[in-house]
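Notes to accompany the following structure.
Please treat every number below as a calculation from the coordinates, not as lab data. Please read these numbers as outputs of a predicted model, since none were measured by experiment. Please note: Cβ atoms are built from the backbone with ideal geometry, for glycine as well, and neighbour counts cover all protein chains shown.
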């Protein structure tokens, strides 16, 4: 019988997992291999702030802040005084208005009472004028008429005398109604006298009240005048402060320019530091992109440039040492990186000074300006806007 090939071959146990074990071993060997790490070296340039320049900047900022705070305090003080005086004037003005209203009311009452008194006086004079030539009463009139009638009846008179007596009797009878009216007016007159007396009392009381109101109003007006004078003085002081403010602002802007110039000097002194920061940022970006070739070229170029500057410029060497000595000093290290002995002095005092003119000349010839620095106008505008925000 025909058999398929491989049926007579011997069987090896676990032969089906042999290929898988070989693949796993290769993978483990691959994982155990160390990752390739690339080392690139860049010179780090620390920032440095000149203590003398730092002191000048601090003093300039302090003077500017002092002037701003002093002016704000003066303005706030005068404004508070002004508000206080105005708050005192408001109730005084209302009180003056109330006194004025009271005086008008009292004067109107006096005018009304005086008109009534004048009417009573006029009526009294009219009554007196009308009563001239008349009998004082009806009884007196009747007595006169009776006497004339008695003469006509019991005496022998001429015809002309009789006619004269009749005319007199007729005239007396014609005055009877007037006499009766005068009698009624006399009764009213006594009432008017009492009324006039009461009116006079009212007039006197109102005049006393009016004098009191007038006196209070005068005192209130004196107080108002004092407050107005005080307010006027405050306004003059505020105007004077405004005039002073113009001169103070000119001085302050000059101090701002000095401050900006000092900060400009500080930034110019740290030009290489800003350039170094930009370089390190570029290196980090290349490392993140894993651009090994560009990173190696950048590192090599930077080291060559640094060594060239180090070899050619003493000012550059002094400036760099000045920047790193504080860091070495904090870590108790010497200039060459050794642990400092107890008898060694701090490194900061061991730093050789370089003239400013040499430093500027060397930096202009060897160091390029950083691209991310602000120019003078931007710095001035920034500080001026900050000042306006503080003063506003």
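If you rank 201, 209, 329 by fewest surrounding Cβ atoms within 10 Å, what's the result?
201, 209, 329
Can you compute log10 of I(q)/I(0) for segment 291-339 with the Debye formula, treating each Cα as one identical point scatterer, at q = 0.19, 0.24, 0.30 Å⁻¹?
-0.76, -0.86, -0.96
Note the full-extension length gain between residue 251 and residue 74 as 0.36 nm times their separation in residues minus their Cα-Cα distance, in nm to one decimal.
Length gained between residue 251 and residue 74: 62.0 nm.
Given R₀ = 45 Å, what would the calculated FRET efficiency be for residue 109 paired with residue 178, taking r from the Cβ atoms and rounding to 0.05?
0.75
Can you give the FRET efficiency for residue 284 and residue 61, using 1/(1 + (r/R0)^6), R0 = 30 Å, r = Cβ-Cβ distance, to the nearest 0.05?
That gives a FRET efficiency of 0.35.
At a Förster distance of 56 Å, what's the computed FRET efficiency of residue 226 paired with residue 49, Cβ-Cβ distance as r, to 0.05?
Rounded to the nearest 0.05, the efficiency is 0.45.
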